[in-house]
1. List the number of the failed condition for ASP341; all other conditions in (1) open to solvent by 50 Å² or more (accessible area, probe 1.4 Å); (2) of a type in the set (Asp, Glu); (3) modelled with pLDDT under 90 hold.
2. Among the residues of the stretch 355-392, how many are open to solvent by less than 50 Å² (accessible area, probe 1.4 Å), modelled with pLDDT of 95 or more, not in a helix (DSSP H, G or I) and not aliphatic (A, V, I, L, M)?
3. Within the stretch 500-534, which residues are open to solvent by less than 50 Å² (accessible area, probe 1.4 Å), of a type outside the set (D, E, K, R) and in contact with a helix residue (DSSP H, G or I) (Cβ under 8 Å, 6 or more places away or on another chain)?
4. Tally up the residues in the stretch 322-338 that are at pLDDT 95 or above and either more than 15 Å from PRO379 (Cα to Cα) or surrounded by fewer than 14 Cβ atoms within 10 Å (Cβ to Cβ) (or both), please.
5. If SER55 satisfies all but one of (1) farther than 19 Å from PHE71 by Cα; (2) outside any loop (DSSP other than H, G, I, E, B); (3) small (Gly, Ala, Ser), what's the number of the condition it fails?
6. Residues being in contact with a helix residue (DSSP H, G or I) (Cβ under 8 Å, 6 or more places away or on another chain) and in a loop (DSSP other than H, G, I, E, B): count how many of those fall in the stretch 58-92.
7. Of all residues in the stretch 34-51, which are of a type in the set (A, V, I, L, M) and open to solvent by 10 Å² or more (accessible area, probe 1.4 Å)?
8. LEU311 passes all but one of (1) over 18 Å from SER232 (Cα atoms); (2) hydrophobic (A, V, I, L, M, F, W, C); (3) surrounded by 15 or more Cβ atoms within 10 Å (Cβ to Cβ); which number fails?
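The values are calculated or read from the model by the stated rules, or taken from the named source; none is laboratory data. Quick caveat: nothing in here was measured; it's all calculated off a predicted structure. Note: ideal-geometry Cβ built from the backbone for every residue, glycine included; neighbour counts use all protein chains shown. Please note that ligands, DNA and RNA were not included when accessible areas were found on the heavy atoms of the full protein model with its side chains. Shrake-Rupley method; radii C 1.70, N 1.55, O 1.52, S 1.80 Å.
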Amino acid sequence: MSIKPIIYDVVSNTFDIVIKNGTIIDGTGAPGRKSDLAVKGDKIACIGSVEPPESCPTVIDATGLVVAPGFIDIHSHSDFLCLVSPGSESKVLDGVTTEICGNCGSSPFPLSKETLERKQEGYDKYGLVIDWRDADGFFRRVESAPGSINRGFLVGHSSIRDFVIGYADRQPIAHELSRMKNELAKAMEAGAFGLSSGLIYPPGCFADREELVEICREVGRLGGVYTTHMRSEGEKLLEAVEEAVEISRKAKVSLQISHVKTAGRENWSKLGSLKGLLDSAITEGLNVSCDRYPYVAAATDLNVILPNWALDGGTDKQMERLTDPGTRKRITEGILNRNNDEWYGETIVISDVHSSEAEYRVALIAKNLAQLGRERSRPPLEVALDLLVEQRGRVWIVTFSMCEENLEEILGWDFVGIGSDSSLRTRDGLLGQGKPHPRTYGTFSRVLGRYSRDRGILTLEQAVHKMTGFSARKMGLYNRGEIREGCFADITVFDQKRVLDVATYEEPHQYSRGIEYVIVNGCVTVDRSGHTGAVAGKVLRRR
């Protein structure tokens with residue numbers, strides 16, 4: 001799809017922002033070039049030699065700096081918190097101007113009565129009132145609230161399934177499947193960019209391949225994208241990739257494999273086979289791509305350790321099973337058949353819990369299950385199940401299961417873009433609590449600093465492309481993701497010599513360095529003094 005440039009009165013230089021003397025990396029992968037850039041309103045008006053008049057409100061001297069498109073976080077989870085923190089500090093201070101939410105099968109719409117009540121209970125502490133049920137209501141709510149960055153949304157397969165048949169471990173009957181497809185179409189017609197699945201999370205994990213193919217046919221018909229957190233990223237990784245590719249093939253839908261990885265030491269050797277499957281799909285002509293965050297630890301909910309059958313029926317049923325001695329023993333045996341107790345103890349770290357009780361939180365957060373087992377005189381796995389009962393399933397973890405060598409190779413694959421797999425955070429207040437994964441604050445600066453500048457895994461042009469143009473094209477954001485006349489003025493200016501992720505696993509609430517300016521829709525949102533307070537972000541709806 002070609003975009004017709006918007007022409008402004010370049011002769012009289014009626015610009016709002018002029019960026020002088022920078023090196024433009026335009027997001028396409030093309031070599032950088034020295035040039036000026038001018039912004040009028042919310043668009044890039046001129047690229048070339050520009051002499052700003054005295055009346056120009058903002059002139060930025062970018063000597064020695066890189067001028068790039070604003071970074072697009074293609075895999076984000078700020079679905080509800082975007083209504084809690086307008087500033088989106090952890091995102092925009094890492095150079096992000098747009099994020100795609102609603103990933104891993106879970107979206108803020110449609111909401112069943114039971115899910116709305118559970119979500120409301122979880123977000124009460126933030127003062128958030130959930131007063132919508134469907135996509136259109138949610139979009140109108142977000143559009144009425146200020147925000148510092150742009151957001152697009154996917155609709156979650158788990159959310160649709162829950163809305164129609166709840167958390168039941170069964171396949172939908174014909175009229176239920178028809179309702180699920182109708183809910184998908186309503187969400188996409190309201191502006192969702194496609195469907196996401198989370199096939200390790202309930203109730204999406206209960207779906208079979210045929211159900212996913214049938215729903216994805218509707219996604220393909222409407223021109224959307226299917227993103228998937230696959231059924232396995234470890235033991236059955238290759239089978240999971242084959243399923244995702246088969247869904248794309250049969251449904252004729254564009255496929256995005258979320259946070260592609262080889263999890264678990266015993267699976268690290270599968271990287272070559274993984275690459276072969278993806279190469280074959282692309283050679284076949286399927287529109288297949290992936291995203292990845294630049295870390296060797298993952299983060300998720302603790303209840304992912306449970307077998308699927310233990311998740312049937314929702315939270316109340318899950319709690320009944322975990323508190324019944326016989327059923328709990330069966331759950332434990334099922335988990336240990338996959339991994340031993342020592343593995344769970346050493347690799348799983350508690351990052352946060354729902355409880356606001358200070359003493360309880362201090363006793364848990366940032367400790368692994370082995371440490372907690374010693375403190376409680378319990379086996380690590382029993383501690384994990386105890387915590388799920390104590391917090392009614394609301395326990396979040398960081399898991400260390402990947403290797404650096406595979407990460408570097410994956411980042412170099414030309415069909416892999418960059419996504420944080422995280423929600424927005426701030427250093428202060430409730431959103432500054434816990435020990436979230438450092439990717440929450442440092443994903444994009446880490447790619448630029450560690451993997452482009454220091455390790456040389458990517459050229460600067462490749463790194464910027466993976467953060468911008470790659471994601472824009474995949475999601476159909478045709479007027480973002482590039483430095484081009486007529487594009488929206490989403491621009492990140494950074495110092496490649498000093499850009500650095502500062503967040504660590506021990507101290508994650510730290511903003512990145514070297515991101516000098518961030519412009520969102522023509523409004524300076526970050527300057528060298530920090531966040532300006534600007535809230536020029538927009539809700540992006542599928543065209």
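1. Unmet for ASP341, out of (1) open to solvent by 50 Å² or more (accessible area, probe 1.4 Å); (2) of a type in the set (Asp, Glu); (3) modelled with pLDDT under 90: (1).
2. 3
3. Of everything in the stretch 500-534, those that are open to solvent by less than 50 Å² (accessible area, probe 1.4 Å), of a type outside the set (D, E, K, R) and in contact with a helix residue (DSSP H, G or I) (Cβ under 8 Å, 6 or more places away or on another chain) turn out to be VAL502, ALA503, PRO508, HIS509, TYR511, SER512, GLY514, ILE515, VAL518, VAL520, THR525, VAL526.
4. Here the count works out to 8.
5. Of (1) farther than 19 Å from PHE71 by Cα; (2) outside any loop (DSSP other than H, G, I, E, B); (3) small (Gly, Ala, Ser), only one is false for SER55: (2).
6. 6
7. Matches in the stretch 34-51: ILE47 only.
8. (1)
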